[in-house]
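Below is one structure; the comments refer to it alone.
We did not get these values from a lab; they are worked out from the coordinates using the rules stated. Everything numeric here is computed off the predicted structure, so don't read it as measured data. Using ideal geometry, Cβ is built from the backbone for each residue, glycine included, and neighbour counts are taken over all protein chains shown.
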Amino acid sequence: MNKKMGIFIIIGLLILIGIGIYFYVKNINNTHHETDYEANRTSTETNTANNENNNSNEENTSDNESTTNETTNTASENTSHTDNTPKAIVEEQLSAFSTKIYSNDSNRTKNMEITTSTLNETIVKNGETFSFCNTIGPATSSKGYLEADIYDHNGNKKKGYGGGNCQVSSTLYNAVLETSGLTVIERHPHSNHVPYVPDGKDAAVAYGSYDFKFRNDTGNDIKILSSVTDGLVNVTLMGLKTQ
């Protein structure tokens, strides 16, 4: 009986040892699987995070490239729409006319020199009406004008400040007649014959009463050049074109 008890006890111990070994091995396997799972999960999460960072970097790069392209395009558009290059002005002679100074009166010549100097380089814009009297203004001694021969309304000669100005306006009138696109608006003949232009080609002026006017219909601005040289009154009309 004691011998059988001993055998049962040994068998029981072996069974307990076997059960212990079984759970121990199982526990090790579970731990290994969980470790592998954690490692795989960590690796997967790391890869996912890296992919998200890469995608974010690609999106940022794309956004930066898009912003750069938009800035470049905007700059290009601004450059194309903003042209501050100065335009070149080309001058082309339209007409020129000269009249001979017949009088030896130095006062008259001085008056014409003052008037041509004031008139010289006057710009008449396209569509604008030129007024001789408004451009020159009244002939007064304060401007240096002297008394010289003029005609009154009845054709009689008398002395007056600015005598000789009518030769300048008549010279300009003939230059205007030779230029296509200039329209005469106002012109008055003298009350008597003048020797420097043919009859009907004169233009009398007197500030406040008689004026000589023309409108610039050439399509471009024009410049008036005028001078007194070598016994002549000279007027040249220049067309101004932008390139």
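One chain, two ends: L16 and D217. Fully extended at 0.36 nm per residue, the span grows by 59.9 nm beyond their Cα-Cα distance. Projecting the Cα atoms of T140, H188, N120 onto the charge dipole of region 89-242 (Cβ charges, centred on the Cα centre) puts T140 farthest toward the positive pole. Descending by average beta-carbon neighbour count within 10 Å, the peptides 222-233, 181-192 line up as 222-233, 181-192, the highest first.
Close amide H partners of I185, meaning residues 5 or more places away or on another chain with modelled amide H under 5 Å apart, are K213, F214, R215. Charged neighbours of E92, selected by a Cβ distance under 15 Å, balance to -1 (K, R count +1; D, E count -1). Summing charges over neighbours of G164, with a neighbour being any other residue whose Cβ is under 12 Å away from its Cβ, gives -1 when K and R count +1 and D and E count -1. Note on T140 and D199: their simple-model spin labels are 3.9 nm apart, each label 7 Å out from Cα toward Cβ. I need the fraction of alpha carbon pairs in region 119-243 separated by more than 20 Å, rounded to a whole percent. Result: 43 percent of Cα pairs exceed 20 Å. Would you work out the relative contact order for region 89-242, in percent, from Cα pairs under 8 angstrom that are 6 or more residues apart? Reported as a whole number, the value is 38 percent.
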